[in-house]
Amino acid sequence: MTIMKFDATHAGIQEQIPAYQAEVSRIHRMIHEKTGAGSDFLGWVDWAERLDRDELQRMQQLAQQWKGKFDTLVVCGIGGSYLGARAAIEMIRGLYPETGPEVIFAGNTFSSTYMSQVLKHLQGRNVLLNVISKSGTTTETALAFRMLRRFMEETYGPEEARKRIFATTDKARGTLKELADREGYASFVIPDDIGGRYSVMTPVGLLPMALAGIDIQAAVQGYRDVSEDLNTDDLAANPAYQYAVCRRILDQKGYTAEMFVTYEPQLGMLAEWWKQLVGESEGKDGKGILPDSATFSTDLHSLGQFIQQGRKVLFETVLQVQEPGENLIIPSDADNGDNLNYLAGRDLHWVNQKAFEGTLAAHEQDGGVPNLVIEIPDFSAHTFGYLCGWFFLAAAMTCYLLGINPFNQPGVEIYKKNMFHLLGKPGYEK
Ligand code: PA5
């Protein structure tokens, strides 16, 4: 039984969903038989069965070996080689974890200000470094890694630095693989048939998660469970496909933007991960829904006005968490100087829940904004693994419904060409 619930009743389109059954069945077969556009990158579909158990064990052993012996993990990567790990670590551990290492992200910007702040921050710390790049040539990541490697070698000496640097990259090719082999870094494989934004359940996401103290076996189990639960073309039984169909219906009704909303700050990076997943999968051939995100109630005090009364271009997808794990009871105050005693004894999650209900009604009924609601049980590693598979399937289904290859990103190369020319990179003279 699926642990994620999907509710389209606040979008007023649920009666239109069943009409897509035949189309969904056709695409479901295409996904599982790997016959659609970009089928070389459908490795994530049966990844739960194919996942290399030895590699999983190596990651767990490495994490165990270093447990309690370092205080800072630097994860160096960008895009699909960055967002999933960060989304997982922040969702599962929270933004201010009481245990485990601090996790810092680099290699995702050219900002010299940011990079020098990171290098200063690392002074005097006990650091491990995981560099992640499938191609091994991504400039943001490679440049940052050059500087971080220098820092590690100067701080720990070349021998010790080698033990503290881990490379996640292609199994055989690329500059990073060559460097890792030459230097003797422990290296982990990004499978050929899984693209960056679908790669979080490979060592791309699992190694940083393990080093951060997360139970990756539970995350993998979540991924395994969703792969089983959603291995059905029956729309009524497959909420990820229902979500994909709703996106298609709303797109056709002229909604050109989707606001991914959470009520939990520690899901902010999950929203960034989702944005890449749907935006890079779908935004091509002049098509696609613009993905945007907001954290409520924070952003109700900024974007709320536009959503309520601005131009009617967007629908919302709200990701709700049933059991946030930690809760606080609002204390009573003898003076009641702030007039909040009407909430005394209530818990803060209940207040957050009422904010959700009130906002849903305001946006849907008064604002005329369609709302889709997805519910996850908690912030656990199992739930994270589960929701990854859920959104992968939804993204692939939406793209195929739209007639788009979900797995390429030809547009991303254009800025690189211009930039390489301006940087004087050999081979990019014109
Ligand atoms: O989804 C993608 O393919 C991209 O976001 C890549 O993951 C990103 O550009 C990083 O590429 P690489 O892992 O080759 O450094």
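Any read-out appearing in this document is the output of simple, stated calculations on the displayed coordinates, not a laboratory observation. Computed from a predicted model, the values in this text were never measured in an experiment. For neighbour counting, all protein chains shown are included, and Cβ atoms are generated from backbone atoms with ideal geometry for every residue, glycine included.
Miscellaneous remarks
- Calculated mean residue ellipticity at 222 nm for the chain: -14500 deg cm²/dmol, from DSSP H runs with n ≥ 4 weighted as -39500 (n - 2.57), summed, divided by the residue count and rounded to 500.
- Those residues of region 100-124 whose amide nitrogen sits under 13 Å from the label point placed on Met419, 7 Å along Cα→Cβ: 107-112
- Loop-located trypsin sites (Lys or Arg not before Pro) across region 171-200 with a Cβ neighbour count of 14 or fewer within 10 Å are Lys171, Arg173, with loop assigned by DSSP.
- Of all aspartates and glutamates in the structure, the ones whose alpha carbon falls short of 14 Å from that of Lys275, not counting any fewer than 8 places away in one chain, are Glu258, Asp292, Glu316.
- Taking θ as phi - 60° and the Karplus parameters 6.51, -1.76 and 1.60, the scalar couplings of region 36-45 work out to x, 4, x, 5, 5, 10, 9, x, 6, 5 Hz in sequence order, x denoting glycine and proline.
- Close amide H partners of Ser293, meaning residues 5 or more places away or on another chain with modelled amide H under 5 Å apart, are Phe260.
- Residues His121 and Ile330, FRET efficiency given R0 of 41 Å [Cβ-Cβ distance, rounded to 0.05]: 0.70
- Straight Cα distances below 18 angstrom link Lys312 to the lysines Lys253, with same-chain residues fewer than 8 positions distant left out.
- The alpha carbons of the chain stretch over 64, 62, 44 Å along the principal axes, in descending order.
- The packing ranking of peptides 219-232, 359-372, 68-81, highest mean first, is 68-81, 219-232, 359-372, where packing means the average number of other beta carbon atoms within 10 angstrom of each residue.
- Stretchable slack from Lys171 to Glu98, in nm (0.36 nm times residue separation minus alpha-carbon distance): 22.7 nm
- DSSP-loop chymotrypsin sites (Phe, Trp or Tyr not before Pro) across region 106-186, with at most 14 other Cβ within 10 angstrom: Phe110
- Cross-link partners for Lys120 among the lysines, with Cα-Cα distance under 26 Å and sequence neighbours closer than 8 places in the same chain left out: Lys67, Lys69, Lys163.
- Degrees, to the nearest 10: 348-361 long Cα axis against longest axis of the chain: 60
- Under 5 Å, built H, 5+ apart or other chain: amide partners of Ile104: Leu73, Val74, Val75
- DSSP beta bridges fully contained in the chain are about 10 percent antiparallel.
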